[in-house]
Every structure is written in C-alpha cells, then in structure tokens.
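Contents: one structure, followed by commentary.
The values are calculated or read from the model by the stated rules, or taken from the named source; none is laboratory data. Since the structure is predicted, the reported quantities are computational estimates derived from the model, not experimental observations. Note that we place each Cβ from the backbone using ideal geometry, even for glycine, and neighbour counts take in every protein chain shown. For accessibility, only protein heavy atoms count, side chains too; no ligands or nucleic acids. Shrake-Rupley method; radii C 1.70, N 1.55, O 1.52, S 1.80 Å.
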Amino acid sequence: MLIRTAVLVLSTFLTFTAQPLSAHAYSKVGSSDHANGQVSAYSARTSETTKVLASLHPIGLIAASLVPQGQLDVLVPPGVSPHDFSLRPSDIDRLQEADIIVWSGPAVEPYLAGFARRWPDKTWIAMSDYQQFASINDPHYWLSSQVTLQVHSTLAQALGKNSDDFQRQVARAHDYSEQVLAPVKHRGFFVYHRAYDHWVHDYGLKQVGNFTLTPEQKPGGRTIQLMREQLRQGDVACVFREPEYSPALVVKVVGNLPVKHGELDPLGSHIALSKDGYPYFLRDLADRAVNCLKEEQ
Ligand SMILES: [Zn+2]
C-alpha cells in the first residue's frame, strides 16, 4: 500500500511537472537585472520556433552559431554602419516578430533603446550589460571576445543550447590572432573610426590614431595636420579604411605620403552568417592587419 501510494504520488508529481512542457509557447525563467548582467531567459523547449533578431551583422555572426538561418534575422543590412542607420516601419515589424533581440546597447544603437523599454516582454540581450567582462570601455562590444563569450552563453541558455563549442572555437581564434599579430605589435597604424579599441587592447597593438572618432564627426584641421606629421615621421606603417565609408577622407589626410593601405571592417560584412562566422571574423581581422603591417622583405 505504501509503495502504491508512493508510486501514485510520484506519477502525480511527474504529470504535474511535465504538463507545463506542452502548455504554451514560452515561460520566463529569471528576470531582468542589468546590474549583474543577467537577462530574462526563455526555457529550452521551444528553441525550434524561437525567432532571434541580431541588430548588427557581427552580432548575427555570434548568434548564427546557435540559431538556424530560418529563425535568425539581422536588422541593419550588411554594408550599412549602425552610425548611419535609422529604423523604417518594416524594421519595426521585424523587431515585433522577434522573441529574442541581441543588440550592442544604446551607445551604438540609440534607435533601439526606446523599444527595449517599450517591449519588456521580449528577451533583450544587450552586449553593454556585460561590459564589466571587458578590459576597456568601448561600445563596439562584439570586438571584445570576453564580452562576446558572455553574451553567447546567455543566448545559449535562453535557447536551451550549449555554448561550449563556440567557446572553444573563439579560444582557438584568439590563440591564432595572438600568434600572427605578435611580430607586428610594434608597427603603428591608423584606423578609420574608433571602433577597434577592445581588439587593439587585447592584442597589445600600436594604434597611433584614427581618421574619425565616430564616422559622423570629421577631423578638424589641427588633427589632420598632426596625422600628416605622424605619417611623415614614419610612425605609421599602415592606414586602414573601412568598406562602409568612402576613402575620400583617408586620401585627403594621407595625400601622397608613403604608407601602406589596408582595409578593416568592424562589422565583418563580407563574412557569411554561418556557424563558425564569428571565429572566422576574428581570424580574418588578424590576417588583414598582419598583411598591411608586416615589414616588406
Ligand atoms: Zn562605430
């Protein structure tokens, strides 16, 4: 009798606990708490239908390691900088359709800040909530592999998936970058806009200057003069332009001073959304830097 009661209690318990698994689409676990970087997460059972929207292409590269193509949307089209972007009505529909939105945070994407407040029922994962994991403060958080790993882990948890494989791939891309960048650490360079500070800091690179702080602020006459002086003195081995912006400003500053030209893209727009897109992005960034910075034989 005792055993039968125990079995009955156990089966009642199992029925009770199993029931919510098919009850409805989502149930929230946890709650929003920006202070320690935790966000609300959805339970695992519906990850086959969960729609994820990544605000920017590099964030799409991070998400693509967990989310199949049909469930992943990227808001800002490749080749467009978030600094020049504004939302169209159709973009708002795409935001509305998403269950989970991964974005960089209000500094780079002010156009999303209001929606994050207006739609708290969606899961918003802001990379800026994880800035304590970065060594420096810069809003281009996807260029910090530490912040990226934290955000990936949160997204994986929200989808009931595992982040381990991605963490291993990023660790390998990091080791690769350290190795290939080591011989060019002393070689100075200008970047187009001030987007790379996490990456520059992580690998101890010698960023001497930038053509613009943010692309909408063009440099003044004194800055241009100083940059030309640095170029003349041979402090700069390479100037990096960006595919999102016309090279006119670089041409204006550099003129015919002898310096190598390279291209870095902080958005990795040429990299396809695939499972290993993000680690490839890191390797590609290192390769591009080395190609321009290495000393000619
Ligand atoms: Zn930027």
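One table, with the values for the structure above:
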| quantity | calculated |
| --- | --- |
| Matching residues, the stretch 186-210, being in contact with a Leu (Cβ under 6 Å, 6 or more places away or on another chain), open to solvent by 20 Å² or more (accessible area, probe 1.4 Å) and either more than 14 Å from the ligand (Cβ to nearest atom) or not assigned by TED's automatic domain parsing to the domain that holds Ser246 (or both) | Arg187 |
| Residues of the stretch 128-144 that turn out to be farther than 19 Å from Thr214 by Cα and part of a helix (DSSP H, G or I), as a count | 5 |
| Filtered residue count, the stretch 242-290, keeping only those that are among the polar types (S, T, N, Q) and closer than 22 Å to Trp142 by Cβ | 2 |
| Residue that is nearest to the ligand (Cβ to nearest atom) [pool: residues in the stretch 102-111 that are under 27 Å from Asp276 (Cβ atoms) and either outside any loop (DSSP other than H, G, I, E, B) or open to solvent by 10 Å² or more (accessible area, probe 1.4 Å) (or both)] | Trp103 |
| Residue within the stretch 252-266 that is over 30 Å from Gly221 (Cα atoms), within 16 Å of the ligand (Cβ to nearest atom) and either surrounded by 21 or more Cβ atoms within 10 Å (Cβ to Cβ) or not hydrophobic (A, V, I, L, M, F, W, C) (or both) present | no |
| Some residue of the stretch 171-185 being in contact with a strand residue (DSSP E or B) (Cβ under 6 Å, 6 or more places away or on another chain) and more than 23 Å from Glu295 (Cβ to Cβ) | no |
| Answer residue from the stretch 63-101, given it is touching a strand residue (DSSP E or B) at 6+ places or on another chain (Cβ under 7 Å) and either acidic (Asp, Glu) or within 18 Å of Phe281 (Cα to Cα) (or both) and is farthest from the ligand (Cβ to nearest atom) among those | Asp99 |
| Any hit, the stretch 211-228, residues being in a loop (DSSP other than H, G, I, E, B), on the phi < 0 side of the Ramachandran plot, open to solvent by 80 Å² or more (accessible area, probe 1.4 Å) and at pLDDT 95 or above | no |
| Residue among Leu205, Leu226, Leu213 that is under 22 Å from Gly268 (Cβ atoms), out of contact with any Phe, Trp or Tyr (no Cβ under 8 Å at 6 or more places or on another chain) and of a type in the set (A, V, I, L, M) | Leu213 |
| Top-ranked residue in the stretch 229-246 [being under 21 Å from the mean Cα position of the chain (by Cα) and part of a strand (DSSP E or B); ranked as surrounded by the most Cβ atoms within 10 Å (Cβ to Cβ)] | Phe240 |
| Selection from the stretch 261-297 of residues that are of a type in the set (S, T, N, Q) and modelled with pLDDT of 95 or more | Ser269, Ser274, Asn291 |
